[in-house]
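Asks: Below is a structure I'd like to ask you about.
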Number of protein chains: 2
Amino acid sequence: MKTLIVHAHPEPQSLNSSLKDLAVKTLEGAGHEVRVSDLYAMGWKAVVDAADYGPAASSPLRVALDSGRAFDTGALTADVRAEQEKLLWADTVILQFPLWWYTMPAILKGWVDRVFTYHFAYGVGEHSDTHYGDRFGEGTLAGKRALVSVTIGGPEPHYSPRGINGPLDDLLFPIHHGILYYPGIDVLPPFAVHGADRVTDADFPDIAKAWEERLLTLESTEPIAFRRQNFGDYEIPSLRLKEGLEPAGRTGFGLHVRD
Amino acid sequence: MKTLIVHAHPEPQSLNSSLKDLAVKTLEGAGHEVRVSDLYAMGWKAVVDAADYGPAASSPLRVALDSGRAFDTGALTADVRAEQEKLLWADTVILQFPLWWYTMPAILKGWVDRVFTYHFAYGVGEHSDTHYGDRFGEGTLAGKRALVSVTIGGPEPHYSPRGINGPLDDLLFPIHHGILYYPGIDVLPPFAVHGADRVTDADFPDIAKAWEERLLTLESTEPIAFRRQNFGDYEIPSLRLKEGLEPAGRTGFGLHVRD
């Protein structure tokens, strides 16, 4: 495998950084190639602005169109181009981050906002009566796999099907389906460590063992069975799931996972 | 009303900025006080790091604990303290942003990550057998109201109950419930403009009229009926919704809204 780890924690001695370090060691030890984008260590610029698009920035700025023109003309900044190249190089992507306010930290969201430009991650492919662009199962990053590795302050029951925070799978759906599956990446079930603020040195070996097992079985793990957009499950152009396809008792995000 | 508008778009001539400007004009015209945090114009620092906590930053950094100690001792940076003061001053909060990758732009997430510190927005109140901290309906910001005003590139059916992106209410749940309701703010139904990249000058008057109507009825609009945490609906400490309380046919995030 060629694995890109995108890591988002400010503290090199944090649990997140330990999981990132262990992933590098485990994957390299098994003969895989690994590259790491350690966003804090890189001083990653988190904020989209006109400077991202160089001479392709229009005035007034139009984020989607300008990012596409900058992509097309090679005018994107070197930091963004480097990340796009890493994504094209990798066959496997790991996002390592703490769940802050129920989603990724700003620095990682800024990686998505800046790197996933128009014509690279969206606005790809033809539109017709049977095909609404290459997305949700097709796209620039099709054929690759991704895994979200997340640390979570609260205990597991709070994120269970009846838990007050909402189910973890639903909280991660906008990342899994909306960010990763959108440009074509297959998404593996997440790796989650709950009660992260209370993890002690004595707890770490069990967490490390579970993480190593996931890392060493990445190639044989079944992805989440998200529905592909252009293969008959959705009306086009409304992109509503066709009647009768919903699994019994499922609503909302769960509709978009096959039984 | 005393309204704080937190605005997150890099282009002063964008649709988002026009909606922000119209909100200021409409609310001030109706005799209300308005303050604006225009995050791009302020050069808002989006990324949490040790510098946020000054002398309260420990080594290794512990984001939650250190942010709480910095809050307690007045060691937070001036930009963060100013935003906390604005939140305490306001009775109404409007978040104005474009939906980028199914959630808020990084700069706004960074406003949440940095301003919603431990002991201010979370880690508040006592824990007992009947009370799991002041949150989800109680907390520092209880009694205030918030509204999310969001522009969305895609058309409305894609965000409908069977739409491929998932229902908009579910995409916004981590913001509505997880960020705003968590420290006690009541959340009004969102204001959403779909097809935002295709809005022309000719379309704007209808959008403006709908927005003005929402702005002028903020005080009489019913909030989303999220369940309060500590008033009998949840088991403590698992915080699972008690059996029998689920509205018919609802699962996931929808469980946490009363009928």
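Asks: Where does chain A land at 222 nm, in deg cm²/dmol rounded to the nearest 500, when only DSSP H runs of n ≥ 4 count, each adding -39500 (n - 2.57), divided by all residues?
Replies: Details: 7 runs with 73 residues, N = 259.
Rounded to the nearest 500, the figure is -8500 deg cm²/dmol.
Asks: Relative to the compact globular guide of 2.2 N^0.38 Å, what is the alpha carbon radius of gyration of the range B:188-238, as a ratio? Before the final figure, lay out each step's value.
Replies: Working: Rg = 17.8 Å, N = 51, 2.2 N^0.38 = 9.8 Å.
After normalising by residue count via 2.2 N^0.38 Å, the value is 1.82.
Asks: Right, another one. So which of B:Lys20/B:Lys86; A:Lys86/A:Lys209; B:Lys20/B:Lys109; A:Lys109/A:Lys242 end up more than 25 Å apart, counting from Cα to Cα?
Replies: Working: B:Lys20/B:Lys86 17 Å; A:Lys86/A:Lys209 28 Å; B:Lys20/B:Lys109 18 Å; A:Lys109/A:Lys242 32 Å.
Exceeds cut-off: A:Lys86/A:Lys209; A:Lys109/A:Lys242.
Asks: With a Förster radius of 35 Å, plug the Cβ-Cβ distance of B:Asp72 and B:Glu33 into 1/(1 + (r/R0)^6) and report the FRET value to the nearest 0.05.
Replies: Numbers: r = 29 Å, r/R0 = 0.83.
It comes to 0.75.
Asks: If you split all Cα-Cα distances of the protein assembly as shown into 20 Å bins from zero, what percentages do you get per bin, shortest first?
Replies: 22, 60, 18, 0
Asks: Let me spell out the model: positive unit charges on the Cβ of Lys and Arg, negative unit charges on the Cβ of Asp and Glu, origin at the Cα centre of chain A. What dipole size does that give, in debye rounded to 20? Intermediate values should be presented prior to the final figure.
Replies: Numbers: 24 positive and 35 negative charges, 56 e Å.
In total the dipole reaches around 260 debye.
Asks: How compact and how long is chain A, expressed as Rg and Dmax of its alpha-carbon atoms in Å?
Replies: 18.9, 58
Asks: Now for a different question. Taking every alpha carbon pair in the range A:208-259, what does the distance histogram look like in 10 angstrom bins from 0, in percent?
Replies: Distribution as computed: 22, 37, 20, 18, 3 percent.
Asks: So if each residue of separation counts as 0.36 nm, and I subtract the Cα-Cα distance between B:Arg228 and B:Lys209, what length gain in nm does that give?
Replies: 3.5 nm
Asks: Under a Cβ-only charge scheme (Lys and Arg +1, Asp and Glu -1), can you give me the dipole magnitude of the protein assembly as shown about the Cα centre, in debye to the nearest 20?
Replies: Numbers: 48 positive and 70 negative charges, 28 e Å.
Its charge dipole is roughly 140 debye.
Asks: How are the Cα pair distances of the range B:73-219 distributed, in percent, across 5 Å bins from 0?
Replies: Result returned by the calculation: 2, 8, 16, 19, 18, 15, 10, 7, 3, 1, 0, 0.
Asks: When only Cα pairs under 8 Å and 6 or more residues apart are kept, what is the percent relative contact order across chain B?
Replies: On the way: 425 pairs, mean separation 48.6, N = 259.
Relative contact order for chain B comes out at 19 percent.
Asks: So how far, in whole Å, is the C-alpha centre of the range A:1-75 from the one of the range A:119-193?
Replies: Between the Cα centre of the range A:1-75 and that of the range A:119-193, the gap is 17 Å.
Asks: Sticking with this structure for a sec: Take the alpha-carbon positions of the range B:145-259, form their convex hull, and give its projected area averaged over all directions (one quarter of the hull surface) in nm².
Replies: Numbers: hull surface 34.1 nm².
Projected area, direction-averaged: 8.5 nm².
Asks: Name the trypsin sites (Lys or Arg not before Pro) in the range A:114-164 that are in a loop by DSSP and that have at most 10 other C-beta atoms within 10 Å, would you?
Replies: Working: sites: A:Arg114, A:Arg135, A:Lys144, A:Arg145, A:Arg162; in loops: A:Arg135, A:Lys144, A:Arg162.
Passing both the DSSP loop test and the Cβ count: no residue.
Asks: If you don't mind, another one. Using the Kirkwood radius built from alpha carbon pairs, what does the Stokes-Einstein equation give as D for the range B:123-205 at 20 °C and 1.002 mPa s, in µm² per second? Mind dumping the intermediate values first?
Replies: Working: Rh = 14.7 Å.
D, rounded to a whole number, is 146 µm²/s.
Asks: Something else about it: For a quick check, take a GNM of chain A with Cα springs below 10 Å and name the residue from A:Asp206, A:Asp91, A:Asp186 with the largest mean-square fluctuation.
Replies: Most flexible of the set in this elastic network: A:Asp206.
Asks: Charges on Cβ only, +1 for Lys and Arg, -1 for Asp and Glu, centred on the Cα centroid of the range B:137-236; of B:Ala208, B:His177, B:Asn165, which one is farthest towards the dipole's positive end?
Replies: Looking along the dipole axis, the top candidate is B:His177.
Asks: Note the full-extension length gain between A:Leu22 and A:Ala248 as 0.36 nm times their separation in residues minus their Cα-Cα distance, in nm to one decimal. Write out the running numbers ahead of the final one.
Replies: Working: separation 226, 0.36 × 226 = 81.36 nm, distance 4.01 nm.
Stretched out fully, the A:Leu22 to A:Ala248 stretch lengthens by 77.3 nm.
Each reported figure results from applying straightforward, stated rules to the coordinates on display, with no laboratory input. Predicted model, so just to flag it, every value in this text is computed and none were measured. Neighbour counts are summed over all protein chains in view; Cβ atoms, including those assigned to glycine, are modelled from backbone coordinates with ideal geometry.
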